[in-house]
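Asks: The following block contains the structure, expressed as structure tokens.
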Amino acid sequence: MLVEDRMTEADWRMGFRSLEAEIGDGVELEVDGTLPAELEGTLYRIGPARFDVYGERYRHWFDGDGMVHALRLSGGRAEYRNRFVATDKKGEEDAAGARIHGAFGTPPAGGPLRRLRNVHPKSAANTNVVFHGGKLLALWEAGRPWRLDPVTLETVGEDDLGGVLGKHEAISAHPKLDRATGEMWNFGVGYGPRTTISLYRTSADGVTARVHKVPLDFAPMVHDFALTATKAVFVLHPIALPRIPVGLMLGRKTFGDSLRWQPQRGTVVLSVDRETGEVRPYKTAPFLTFHTANAWDEDDDVVVDLCATEDDSIMKFFYEVMAGRDFAPTSTYLTRLRLSPDGRIEQRRLSDVSLEFPRVAGRALCQPHTRVYGATVNDAAGFLGAPATVDPATGRSSVAVLKAHQIAGEPVPVTKADPTSDDDVWLLALVLDAQAGRTDVWVLDGADVAAPPVAVVRLPHVVPFGFHGSWVRASSMS
Ligand SMILES: [Fe+2]
């Protein structure tokens, strides 16, 4: 029995267990190897950490209450904190000692009337954490951001971006930084009789404005977008709500359960001029995408690199992992779209290595990139795997060497001092060590990710599999 238990524990399921423990006062952690001296700042990570609410397990990976983890690196030492985002949702459920609210894949608790009363989901604040304009924000794509204290991680409160976001308005978890202007751009989808996408611009000093509102012909799930110096690009894949989602409107069905794969629509791509709001539509073969890697203007064309998969099996994967079942979705590959002003769109796969959670070096944002960093897909863990780099010009990849019981998610690239190429980054990745029962932070050299990590920081617990994170230099927080 003991052996069986150990075997059950030593796998990916360990990453889908709740973590309730918070470390509010920073603790210094052991470091194996040597942290590069130039790493002076904080790695923020976020993800769902409460998968079970007072005995009720969520059905979907996206649903749990968000927890922020901060690893502050300074002088070669590492200090760690973690806290839940103290949303009103979590507060209400803690006060009741029971689950109340629904989320992406779990309906609100209770009978038909209670579900109807709670039909508007409340933010789980679990998808991305970004620092811009002096604010650290925890993001979730179906609600407003939650602001956190960047040092203590205490929750300051819900943030309406200076009054720009209404009570039920949402902003995505994938803002894009335009390094040339210092602006952060983002979007929010408004579902309704006419679904719309609003485009937002936040100035370097943190002032947000809604700059355009684009009506859509259908109601797709839109998780991410792409930004060039002149355009915002929305990839509207054919996974969408029905025209009148009755079950969703009555709180009987979740957003996730209401989505339908409609490959006959193809994939629609909208290029929106940042200045004028002019929309150019394109149509290509059906694929499903969660994440873009980067985009840029090339003469009059727009080039977008993203991770694409040819069917919707990944949507099932998110439920299966929460039920503890092995499920291998169709692989996701780095794919390039080229949009021409005459309405032509080209689509081609860039590499045969599966890749998700794509990132590029900071210097390449909105510019042509020569490397895409991400996680290869581990056979046993679908969306997660090992840190990897792909050269989009050749398709060649390099993958970090992990053992069978080690699983990583998104690597965060941190630009080295005086970079001369996209290789000049450190990659910071959380790696679950299911044998040790702990999560480590690996520091890999972006120029040689297959080499052993230069440093490993041992965290005091398993960090449940999360989604995204940011590196914030100490100098940009002061
Ligand atoms: Fe994401």
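Asks: Beta carbons within 10 angstrom, averaged per residue: use that to sort the peptides 225-237, 187-199, 350-362, 391-403, highest first.
Replies: 225-237, 350-362, 187-199, 391-403
Asks: Here is a further query. Going Cα to Cα from LYS135, which aspartates and glutamates come in below 18 Å? Please leave out same-chain ones fewer than 8 positions away.
Replies: Reachable aspartates and glutamates: ASP149, GLU154, GLU158, ASP159, ASP160, ASP178, GLU183, ASP205.
Asks: Charges on Cβ only, +1 for Lys and Arg, -1 for Asp and Glu, centred on the Cα centroid of the chain; of VAL463, LEU153, GLY277, which one is farthest towards the dipole's positive end?
Replies: Of the candidates, GLY277 comes out farthest on the positive side.
Asks: Let me ask something else about it. Set Lys and Arg Cβ to +1 and Asp and Glu Cβ to -1, take the dipole of region 291-371 about its Cα centre, and tell me which of VAL321, ALA293, TYR333 lies farthest positive.
Replies: With unit charges placed on the Cβ atoms, the residue in question is VAL321.
Asks: Please report the relative contact order for region 2-477, taking Cα pairs under 8 Å with a sequence separation of at least 6, and give it as a percent rounded to a whole number. Could you put the intermediate results ahead of the total?
Replies: On the way: 1286 pairs, mean separation 69.5, N = 476.
Once divided by the residue count of region 2-477, the mean separation gives 15 percent.
Asks: With +1 on each Lys and Arg Cβ and -1 on each Asp and Glu Cβ, and nothing else charged, work out how big the dipole of region 149-263 is about its Cα centre, in Debye to the nearest 20.
Replies: Details: 12 positive and 12 negative charges, 143 e Å.
Computed charge dipole of region 149-263: roughly 680 debye.
Asks: Sticking with this one: Assign unit charges at the C-beta atoms only (+1 for Lys and Arg, -1 for Asp and Glu), then state the dipole size of the chain relative to its Cα centre in Debye, rounded to the nearest 20. Provide the component values of the computation, followed by the final result.
Replies: Values: 53 positive and 63 negative charges, 325 e Å.
Rounded to the nearest 20 debye, it is 1560 debye.
Asks: Here is a further query. Ordered by packing density, taken as the mean number of other Cβ atoms within 10 Å over each peptide's residues, highest first, how do 40-50, 430-440, 339-349, 175-185 rank? Numbers along the way, then the final one.
Replies: Numbers: 40-50: 23.8, 430-440: 20.3, 339-349: 13.6, 175-185: 17.3.
Listed from highest to lowest mean packing, they are 40-50, 430-440, 175-185, 339-349.
Asks: Shifting gears a bit: Among the listed pairs LYS167/LYS316; LYS253/LYS316; LYS231/LYS283; LYS89/LYS176, which are separated by more than 19 Å between their Cα atoms? Don't jump to the answer; show the numbers that get you there.
Replies: Working: LYS167/LYS316 31 Å; LYS253/LYS316 16 Å; LYS231/LYS283 17 Å; LYS89/LYS176 27 Å.
Violating the 19 Å limit, Cα to Cα: LYS167/LYS316; LYS89/LYS176.
Asks: Give me a comma-separated list of calculated 3J(HN,Hα) values for region 440-455, in order, Karplus coefficients 6.51, -1.76, 1.60 applied at θ = phi - 60°, integers in Hz, x for any Gly or Pro.
Replies: 10, 9, 9, 10, 10, 7, x, 6, 7, 5, 7, 6, x, x, 6, 8
Asks: Sort out for me the Cα centre separation of region 429-478 from region 258-302, rounded to whole Å.
Replies: Between the Cα centre of region 429-478 and that of region 258-302, the gap is 32 Å.
Asks: Would you be so kind as to identify which of PRO112, ILE46, ALA386 lies farthest towards the positive end of the dipole of the chain, taking Lys and Arg as +1 and Asp and Glu as -1 on Cβ and the Cα centre as origin?
Replies: In the chain, that residue is PRO112.
Asks: Tell me, what is the percent relative contact order of region 349-452, built from C-alpha pairs under 8 Å that lie six or more residues apart?
Replies: Numbers: 247 pairs, mean separation 24.7, N = 104.
Answer for region 349-452 is 24 percent.
Asks: Below 14 angstrom from the Cβ of VAL431, what's the summed charge of the other residues (Lys, Arg +1; Asp, Glu -1)? Before the final figure, lay out the partial values.
Replies: Working: positive: ARG45, LYS403, ARG438, ARG458; negative: ASP32, GLU410, ASP433, ASP440.
With Lys, Arg at +1 and Asp, Glu at -1, the neighbours total 0.
Just so you know, all these numbers are worked out from the coordinates, no wet-lab data involved. As the structure is a computational prediction, the values presented were derived from the model and not from experiment. Every residue, glycine as well, gets a Cβ built from its backbone with ideal geometry; the counts of neighbours run over all protein chains shown.
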